[in-house]
1. On a full-extension model of 0.36 nm per residue, what is the gain between Ala26 and His40, subtracting their alpha-carbon distance, rounded to one decimal in nm?
2. Counting only chymotrypsin sites (Phe, Trp or Tyr not before Pro) that are in a DSSP loop and have at most 11 other C-beta atoms within 10 Å, tell me the longest site-free stretch of the chain.
3. So how tilted is helix 18-27 from the main axis of the chain? Cα-based, degrees 0 to 90, rounded to 10.
4. As a check on your grasp of the helix formula, calculate [θ] at 222 nm for the chain: sum -39500 (n - 2.57) over DSSP H runs of n ≥ 4, divide by the residue count, round to the nearest 500.
5. Working only with C-alpha atoms, what are the Rg and Dmax values of the chain, expressed in angstrom?
Amino acid sequence: MEHAASGWVTFSAHRIGDEELTTDLAAAGLWFDRWLTEDHAWFTARPA
C-alpha cells in the first residue's frame with residue numbers, strides 16, 4: 001500500500017511477520033510491547 005497527500009509525508013506499508021517486526025524494531029532501538037487491537041493491526045513499541 002502506498003499513500004501520498006499534499007503537504008504530508010509519503011509512505012509505503014506492507015505486512016510483515018513477527019520475526020521481521022522484532023528485527024526492524026531492534027534496528028530502530030525499540031522492542032515490541034503489545035498489540036493494541038485483536039487483529040494485530042496496531043501495536044506499541046518501547047525504547048530498548
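1. Full-extension gain reported as 3.2 nm.
2. 9-41
3. 80 degrees
4. The per-residue figure over the chain is -6000 deg cm²/dmol.
5. Rg, Dmax (Cα atoms, Å): 12.7, 34.
Every number here is computed from the coordinates shown, using simple stated rules; none is lab data. All figures in this text were calculated on a predicted structure; none of them were measured in a lab. Don't worry about glycine lacking a Cβ; one is built from the backbone with ideal geometry, like all the others, and counts go over all protein chains shown.
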